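Have a look at the structure below before the remarks.
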Amino acid sequence: MILDTIAAISTAVGEGGIAVIRVSGVEAVPAVERMFRSKSKLGEVESHTVHYGRIVDPQTGEAIEEVLVTVMRGPRSFTAEDVVEISTHGGFISVKQVLDLVLRQPGLRAAEPGEFTRRAFLNGRIDLTQAEAVMDLIRAKSDRASAIALKQVDGRLARMIQGLRGELIELLAHIEVNIDYPEHDVEAMTADYIRTQCGKVISRVDELLRTANEGKILREGITTAIVGRPNVGKSSLLNALAQDNRAIVTDIPGTTRDVIEEYVTVGGIPLKLLDTAGIRETLDTVEQIGVARSRAAIVDADLILFVLSAGNALHEDERELLAQLRSRQCIVILNKSDLPRRLELEQVLEQMPEPQLVQMSVLQEQGLEQLGDAIRTIFFAGELESADLTYVSNARHIALLKQAKAAAADAIDAADAGIPIDLIQIDVRTAWERLGEINGENAGDSLIDQIFSQFCLGK
Ligand SMILES: Nc1nc2c(ncn2[C@@H]2O[C@H](COP(=O)(O)OP(=O)(O)O)[C@@H](O)[C@H]2O)c(=O)[nH]1
Ligand SMILES: [Mg+2]
């Protein structure tokens, strides 16, 4: 049982149209009612209704804010407890004053980061995968990442994991009976049952794991470095993809000196795009540091967009870079294809035999779509899976799914080898426990602490 009532500012700190203070727990309604002057008596209003009024310090009678108060009674609320949300004018001071006043009420204390979501979990309204998805949703940097997170908030993965655990618990019960009443023919049946149930679990876990790679990409984005000689149009490309003048573009070689980072979506795929300093020999100290950072970005990137200018013959530096990039996920972009062609394609092919090649003119906004196609070809074999798929994208889930699968496979091997049922039971139980760590039914306090500590305050 959770007894205390918690409160925090749930909107981002800073100036804004409105700010929201969220209060959750048994004291939420009476505490806010004490400081709320309005036609409505909060203790008597219907759940899920909004009320206009003023927040007044009950001790001094001083009016502090003009607000809207929303009352959501448990269990139909975010935390499954009574929740009151006070919407104040945006800004910092008055929100803080209202919060301070709320926190002065008996039985109230400040919420810790993630504590509202944690209560939703502890009260059984959501499982751990759903709680983690709430965080993913907040952090999502692309439409797709957000759509995937929303499905998970909705409980898709939760239901799947529960289903798998259900299969295993049936099996465990069956084994239990068999251990208590050992008869030979039942034992043979049990070995068969182990094979079918564990087989089912393995194939469904495999299905989930198949989405892991794509899920991770769609969630976190592909780290993509734009590299090439100075003045080939790297910063122009970043700006075109970001639809913003994010990087400075000039015709002076060596304009970009630091790595510029921007999240963009190309052909439905989120990229974490890095614009880098043009790679060349230079005596300028600052530019030298920039070039070193470009080389470091190349090492870390999942994908490299190597930009060449069609209007220039291949430079020695480019020849070298191409050779280095041969074994990497790389797309060669032939930019400035609006200019008379001076670049000879054969020279590129000498260094990189089968490049993904995209002709482009950033200036004339040509070739950007083909770039999206090329990225899809590399990472998704051309097609994005239907948006309907349940993705696992969280590294924690992926690791646990693999462990559960390994335990289920051990159980089958043991059954095939004629190992006594009570020993096989251990493997089945391990698989069941690992799946329970995913949805939190079998997660220790320290794991739960660690997950919720990553949340922001007020969520
Ligand atoms: N003709 C032509 N010029 C371009 C194209 N893309 C970029 N530029 C020009 O090339 C110059 C260098 O561009 P910039 O993006 O700063 O190159 P960076 O040094 O590689 O980042 C600028 O004057 C751009 O306007 C293109 O497709 N065609
Ligand atoms: Mg640049």
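So here's what we get for this one:
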read-out: Subset of segment 360-381 (residues that are open to solvent by less than 40 Å² (accessible area, probe 1.4 Å) and in a strand (DSSP E or B)); value: 361
read-out: Meets criteria (at pLDDT below 95 and either of a type in the set (Lys, Arg) or assigned by TED's automatic domain parsing to the domain that holds residue 140 (or both)) for residue 410; value: no
read-out: In segment 8-60, the residues that are more than 19 Å from residue 81 (Cβ to Cβ) and either among the hydroxyl-bearing types (Ser, Thr, Tyr) or in contact with a His (Cβ under 6 Å, 6 or more places away or on another chain) (or both); value: 11, 38, 40, 52, 60
read-out: Residue count, segment 37-88 (criterion: of a type in the set (S, T, N, Q) and in contact with a helix residue (DSSP H, G or I) (Cβ under 8 Å, 6 or more places away or on another chain)); value: 2
read-out: Check on residue 247, within 11 Å of ligand 1 (Cβ to nearest atom), modelled with pLDDT under 90 and touching a strand residue (DSSP E or B) at 6+ places or on another chain (Cβ under 6 Å); value: yes
read-out: Any chance residue 205 is part of a helix (DSSP H, G or I), outside the structural domain of residue 9 (by TED's automatic domain parsing) and open to solvent by 60 Å² or more (accessible area, probe 1.4 Å); value: no
read-out: Filtered residues of segment 324-354 (kept if small (Gly, Ala, Ser) and surrounded by fewer than 14 Cβ atoms within 10 Å (Cβ to Cβ)); value: 327
read-out: Residue check for residue 284: within 19 Å of residue 317 (Cβ to Cβ), more than 11 Å from ligand 2 (Cβ to nearest atom) and either assigned by TED's automatic domain parsing to the domain that holds residue 309 or surrounded by fewer than 17 Cβ atoms within 10 Å (Cβ to Cβ) (or both); value: yes
read-out: In segment 198-233, residue farthest from residue 435 (Cα to Cα) [restricted to those that are free of Cβ contacts under 8 Å to residues at least 60 places away in the same chain and more than 16 Å from ligand 2 (Cβ to nearest atom)]; value: 213
read-out: Residue 151 being more than 16 Å from ligand 2 (Cβ to nearest atom), surrounded by 15 or more Cβ atoms within 10 Å (Cβ to Cβ) and either under 22 Å from residue 413 (Cβ atoms) or at pLDDT 80 or above (or both); value: yes
read-out: Options 257, 219: the member that is within 16 Å of ligand 1 (Cβ to nearest atom), open to solvent by 20 Å² or more (accessible area, probe 1.4 Å) and more than 30 Å from residue 178 (Cβ to Cβ); value: 257
read-out: Index of the failed condition, residue 7 passing every other in (1) crowded, with 23+ Cβ neighbours inside 10 Å; (2) over 16 Å from residue 459 (Cα atoms); value: (2)
read-out: Matching residues, segment 234-270, being of a type in the set (S, T, N, Q) and within 11 Å of ligand 2 (Cβ to nearest atom); value: 235, 236, 239, 250, 255, 256
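The values are calculated or read from the model by the stated rules, or taken from the named source; none is laboratory data. Model, not experiment: these values are computed from the prediction. No Cβ is skipped: glycine too gets one built from the backbone with ideal geometry, and neighbour counts run over all protein chains shown. SASA here: full protein model, heavy atoms, side chains in, ligands and nucleic acids out. Shrake-Rupley method; radii C 1.70, N 1.55, O 1.52, S 1.80 Å.
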